Amino acid sequence: MLFNKRTERIFFWVFFPLALLMPLFLAENTFFVSKLTSIMIFALFVMSLDYLVGRCGLITLGHAMFYGLGGYLFWMIAPEYEAVNFWVYTFYICMIAAAVALIIGFLVLRTSGIYMIMITLAFAQMAFYFFSDSIEFGGTDGLFIYVKPETSIFGLSFFDLDNPTHFYYLCLLSLFNTLIFFRILIRSRFGRVVDAIHENPGRTTALGYNIFVFRLMSYVIASALGAYAGYLFTLQYGFVNPSMLAWTTSGSALVMSILGGMGSIYGAILGTFVYEGLHYVLEHLTEHWMLFMGALIIAMVMVFKNGIAGSMEKLLEKRT
Amino acid sequence: MFNSNKMRNALVAAMATLTLSSPVLANEQPIKVGMMLPFSGVYGALGDATRNGLKMALREQAAQLHGRKLEFIEIDTEARPERAPEIASSLLNNSEADFIIGPVHSGVAMGMLKVLRGKETVMIVPNAGAGPVTGPLCSPNVFRTSFSSWQPSYPMGKVALDKGYKKVVTMSWNYGMGKESLDAFEESFTAGGGEVVKKILVPFPKTEFQAYLSEIASINPDAVFVFFAGGGAVKFVKDYDALGLKGKIPLLGSGFLTEGTLEAQGPAAEGVMTTLHYADTLDNELNKAFRTSYKAEFGKASDIYAVQGYDTGLMIASAVNQLGGDISDQQALIKALGETTVKSPRGDFTFSAAHNPVQNIYLRTVENGENKVIEVAAPALADPARGCKL
Amino acid sequence: MTTSLFLVQLINGLQYGLLLFLIASGLTLVFGVMGILNLAHGSMYMVGAYLVWYFVEHTGSFGLSALISAVIALLIGILMERTLIRQLYRRNHLDQVLLTIGMIFVFNALQGLLWGNDPLGVAVPSALSSAIPVTDVLEYPVYRIFVALFCVGIAALMYFMINKTRLGMLIRAGESNREMVECLGIDIRKLYTIVFAIGVMLAAIAGVAAAPMSSIVPGMGEHILITCFVVVVIGGMGSIKGAFIAALLVGLVDTFASILVPQLSSMMIYILMAFILLIKPQGLFSS
């Protein structure tokens, strides 16, 4: 079975059917469709981080670099006034991001723990200042994407990216695929070695595995997916800004991932929806939303051990 | 702590949609004013002042609204550009705001613009100076009641030349507004034969200015021209004084250097000379009345950000009045707004074809903790609106 | 660059570095002894600055206000440790990260509620408000020299405390073997409360010292937090000596980069950190 936990299966069968039907209820209000879309995009980003932090034990505070890169890369390689193919450019962007991740990963994975947090932050900050300081990339004002890609495969087009509902389904599909992808990855031989490394690096080395290679591969995969999320984010409103690469973006993603339950993968979706949902409700309710947000975060750390997913599992799993 | 008005409005709106079966006359619905301003963080003070001014004007001008009620939707942008398109889309598609007021930060302005250009709402920028807003990206439904970055700084070049300064060092944070301000100063200063001997761009939001000031002291130019605002402006002016440059090398600036910051800067700001589209001591009745009632209501001195918010309110009220309270025709509304002469505390101003104010720029100096007007540095100055086809 | 300008920049760099040390010392102390990553450390820097402003407005005396602010910070530290941090010793590091991020939100919100968003300033205490002429144009303010010396004093005090006193001995013992200290009948919980509160107080004192020479604004804590972490990590987490040397290094590199390579100055401290971690993955003086 792809999902070995009952909680995970319940989540899967509740979340995806609901998400599939949601636009039918919201057809009148394009904003909520867009809002849910952007939460799903960020959930995809958080999920890629969750794999890295929770599954591989590689804590990074520089993941936003790839998120921003996804957006800027599209602006760089796509012609300005011509609709390119979405899938082809998805491939390009993921490949370029993977190449960048390969080089940076090669450097940062020599460190571990808090030192890795800080060295990933260092690279992300360099990228952040590179984009905010250069006039060619629009500086702090950012850039506009004028023409969105078309999505045909062999002449058949399923999604019109200018239609919010279509874009919603594209992002839902992406989120679904990413979740399934990570589940397959985790259950594969590769994933088992990664788990073993997280559990006990010394022993895994003794078994003859080159743990550096496995970590590097994981870093590359997560970074490419992070860039894909940034690419989707950029396409949603056609706007790229260096603040996408700011350390606060990495920080928020980390918060959502911890909140959801580290390493559970599906927890990333839970964490993102809970955090973004609370943020949305509170900021519309009171100007002092930060006070309540902070208090709720503190309360949730105290109450949930191992995040929301962890607490749900404690409640729902049969004790054997 | 919870905004009870907001809660009540939300409830009323919800009940209205549930119970009303007969069509409502457009004029009986409230005019929805969405605000996208920073209410927390580094730019929080600017957002607060803008909102105060805006609400004050709309309250004073209530008679002009032809009985239309107002509904405010206020969202904290946190000055985060990447969130701007989403918040703008929320105000446009969810709240269906008639007016969307914002932002303070230029990056946020660009994100809003991407979503709101050419849409069924009117966007009014009460601060952000980003050139493109009323330049290459100008749009019929986008107005600005503040300034383009070019406007307040351009006249200072001539002022500097008149004072006999030939060699000047310019300095600002390395971001859009700062760079545009320095360029505007340089444009008029070098055209008149001046020379910018060094241009210093400080990474945003760094406020360690000592190293730069030591270097400026060693260059010893005729004057220094800077753009800084808010907390950075406070720190810069204090450092300039503490390191002994004040009184030896004249400090010139875009007026934001001494707006909303004078109390924190204290005596260090005395004598600093700036150009801006407003000055505290402007001698007109409107300004005096505005300053008195602002001080009475909010317990602190008003600044340019409050004036800009206030003028945004005046502009909306005047257009609503002209249309007899019916703002459902967007074309008519845009026309009315564009033709408004805003009777502002800064002096009357009109709008250019690109929807940017055509306004006086004043030369001011700080005296006894006030921006005192010296003269009009450039009368009825219009932004060149490079790239705008309106 | 002339010799005199070089010397001035050297002093600028050292002075900035010493202030960074003062802020970073508490962070590295808390991590070294307790293994707690306190992201709300920057918030305490902000709290210190706002507190001293508030009390100067009411008492008029900077010295008295500084003292009151430090005591209040100490109490806040004790309260934070007793009510929240204590619950998380046995939990994951990342839970601590989440908790302290929650605290950042709360501190920022309280700052907005209590003191508003306007930038604030504190006047330099009059006894220290003079300046020493350096060149024809440039002067060096006495207050900044005083703060630099004060930071050196704190560094010396910390060195003395950790190496020569009973508390320091316990701290060193607790760092290397927590269980053993407990077995010897020492109440480690009390020790942790004291250390955490001192860490918080150091951040607040840095905020107090910086207040007269900077602007007091919302969000001032987050910006300094990152620089602070850079210092602590370059020095080696938990090493006070490392933090001292790293702070001076960061101060000097930042100052000279601003002048010599302005195009790269925004990235320079990150380049420095990445470079050092690539050579020494545990920082300069890791324990």
- Qualifying residue in segment C:238-254 (condition: closer than 15 Å to A:S112 by Cα and modelled with pLDDT under 95): no
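For residues that are closer than 21 Å to B:P140 by Cβ and touching a Ser or Thr at 6+ places or on another chain (Cβ under 7 Å), scanning just segment B:80-98, find the one that is nearest to the other protein chains (Cβ to nearest Cβ).
Residues of segment B:80-98 that are closer than 21 Å to B:P140 by Cβ, as a first pass: B:84-85, B:88-89, B:91-93, B:96-98.
From what's left, touching a Ser or Thr at 6+ places or on another chain (Cβ under 7 Å): B:84, B:89, B:92-93, B:97-98.
Details: B:A84: 8, B:S89: 6, B:L92: 8, B:N93: 4, B:A97: 11, B:D98: 16 Å.
Looking at the filtered set, the residue picked out is B:N93.
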- Query: Quick one: would you say A:F16 is within 14 Å of chain B (Cβ to nearest Cβ), of a type outside the set (K, R) and in a helix (DSSP H, G or I)?
  - Reply: no
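Inspect segment B:316-331 for any residue being touching a residue at least 60 places away in the same chain (Cβ under 8 Å), part of a loop (DSSP other than H, G, I, E, B), of a type in the set (D, E, K, R) and surrounded by fewer than 19 Cβ atoms within 10 Å (Cβ to Cβ) and give the result as yes or no. Show your work before the answer.
Going through segment B:316-331, the residues touching a residue at least 60 places away in the same chain (Cβ under 8 Å) turn out to be B:316-318, B:320-321, B:324-328, B:330.
The next check asks that each one be part of a loop (DSSP other than H, G, I, E, B); those that pass are B:324-328.
Cutting the leftovers down to of a type in the set (D, E, K, R) gives us B:326.
Going one step further and asking which of them are surrounded by fewer than 19 Cβ atoms within 10 Å (Cβ to Cβ), we end up with B:326.
Within segment B:316-331, one or more residues are touching a residue at least 60 places away in the same chain (Cβ under 8 Å), part of a loop (DSSP other than H, G, I, E, B), of a type in the set (D, E, K, R) and surrounded by fewer than 19 Cβ atoms within 10 Å (Cβ to Cβ).
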- Message: Quick test for you: out of C:E179, C:E175, pick the one residue that is touching a residue at least 24 places away in the same chain (Cβ under 8 Å), over 20 Å from the mean Cα position of the chain (by Cα) and either more than 30 Å from B:K300 (Cα to Cα) or assigned to a helix (DSSP H, G or I) (or both).
- Response: C:E175
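Please verify whether segment A:266-278 includes one or more residues that are over 18 Å from the mean Cα position of the chain (by Cα) and on the phi < 0 side of the Ramachandran plot. Walk me through how you get there before you give the answer.
Let us first name the residues in segment A:266-278 that are over 18 Å from the mean Cα position of the chain (by Cα), namely A:278.
Checking the rest, the ones that are also on the phi < 0 side of the Ramachandran plot come to A:278.
Taking every residue of segment A:266-278 in turn, at least one turns out to be over 18 Å from the mean Cα position of the chain (by Cα) and on the phi < 0 side of the Ramachandran plot.
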- Message: For B:L65, only one of the following conditions fails: (1) surrounded by fewer than 24 Cβ atoms within 10 Å (Cβ to Cβ); (2) modelled with pLDDT of 95 or more. What is its number?
- Response: (2)
- Query: Does segment A:201-218 hold any residues that are free of Cβ contacts under 8 Å to residues at least 12 places away in the same chain and within 19 Å of A:V100 (Cβ to Cβ), and which are they?
  - Reply: A:V213
- Please note which helices (runs of 4 or more DSSP H) are completely contained in segment A:194-304 and include at least 3 residues that are more than 14 Å from every other protein chain (Cβ to nearest Cβ). A:201-206, A:211-237, A:266-285
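Okay, residues lined up against (1) more than 22 Å from the chain's Cα centre (by Cα); (2) closer than 26 Å to B:K235 by Cα:
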position: C:I101; (1), (2): no, no
position: C:A123; (1), (2): no, yes
position: C:M158; (1), (2): no, no
position: C:G185; (1), (2): yes, no
- Task: For C:I205, indicate whether it is more than 21 Å from C:G13 (Cβ to Cβ) and among the β-branched types (V, I, T).
- Result: yes
- How about segment A:262-286: which of its residues are without any contact (Cβ under 8 Å) to a residue 24 or more places away in the chain and surrounded by 24 or more Cβ atoms within 10 Å (Cβ to Cβ)? A:Y275
- Item | Count - residues of segment A:294-318 that are under 25 Å from the mean Cα position of the chain (by Cα) and either basic (K, R) or within 23 Å of A:S34 (Cα to Cα) (or both) | 1
- Message: Just to be sure I understand, how many residues within segment A:12-28 are in contact with a helix residue (DSSP H, G or I) (Cβ under 6 Å, 6 or more places away or on another chain) and at pLDDT below 95?
- Response: 2
- Number of positions in segment B:75-124 that are in contact with a Leu (Cβ under 9 Å, 6 or more places away or on another chain), assigned to a strand (DSSP E or B) and farther than 22 Å from A:I39 by Cβ: 5
- Query: Looking at (1) away from chain C (no Cβ under 14 Å); (2) assigned to a helix (DSSP H, G or I), which is the one condition that is false for A:F106?
  - Reply: (1)
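Restricting to segment A:130-167, what's the tally of residues that are part of a strand (DSSP E or B) and either surrounded by 19 or more Cβ atoms within 10 Å (Cβ to Cβ) or free of Cβ contacts under 8 Å to residues at least 12 places away in the same chain (or both)?
Filtering segment A:130-167 for residues part of a strand (DSSP E or B) gives A:143-144, A:150, A:152-153, A:156-157.
Adding the requirement that they be either surrounded by 19 or more Cβ atoms within 10 Å (Cβ to Cβ) or free of Cβ contacts under 8 Å to residues at least 12 places away in the same chain (or both) leaves A:143-144, A:156-157.
Number satisfying all stated conditions: 4.
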- Note on the structure: Of those in segment B:214-232 that are facing chain C (nearest Cβ under 8 Å) and either under 24 Å from the mean Cα position of the chain (by Cα) or closer than 18 Å to C:F256 by Cα (or both), the residue surrounded by the fewest Cβ atoms within 10 Å (Cβ to Cβ) is B:S218
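Please return the ranges of helices (runs of 4 or more DSSP H) entirely within segment C:1-101 where 2 or more residues are more than 14 Å from chain B (Cβ to nearest Cβ) and more than 25 Å from C:Y143 (Cβ to Cβ).
Details: elements: C:3-34, C:41-59, C:62-83.
Fully inside segment C:1-101 and qualifying: C:3-34, C:62-83.
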- Query: How many residues are under 24 Å from the mean Cα position of the chain (by Cα), more than 22 Å from C:E139 (Cβ to Cβ) and not hydrophobic (A, V, I, L, M, F, W, C) when one looks only at segment B:180-213?
  - Reply: 9
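Residues in segment A:208-225: is at least one within 18 Å of A:C171 (Cβ to Cβ) and within 22 Å of the chain's Cα centre (by Cα)? Walk me through it before giving the result.
Taking segment A:208-225 first, the residues within 18 Å of A:C171 (Cβ to Cβ) are A:224-225.
Now restrict to residues that are within 22 Å of the chain's Cα centre (by Cα): A:224-225.
Checked against the condition, which is being within 18 Å of A:C171 (Cβ to Cβ) and within 22 Å of the chain's Cα centre (by Cα), segment A:208-225 yields at least one hit.
The values are calculated or read from the model by the stated rules, or taken from the named source; none is laboratory data. Keep in mind the model is a prediction, meaning the values are calculated, not measured. Heads up, the Cβs are rebuilt from the backbone with ideal geometry, glycines too, and the neighbour counts pull from every protein chain shown.
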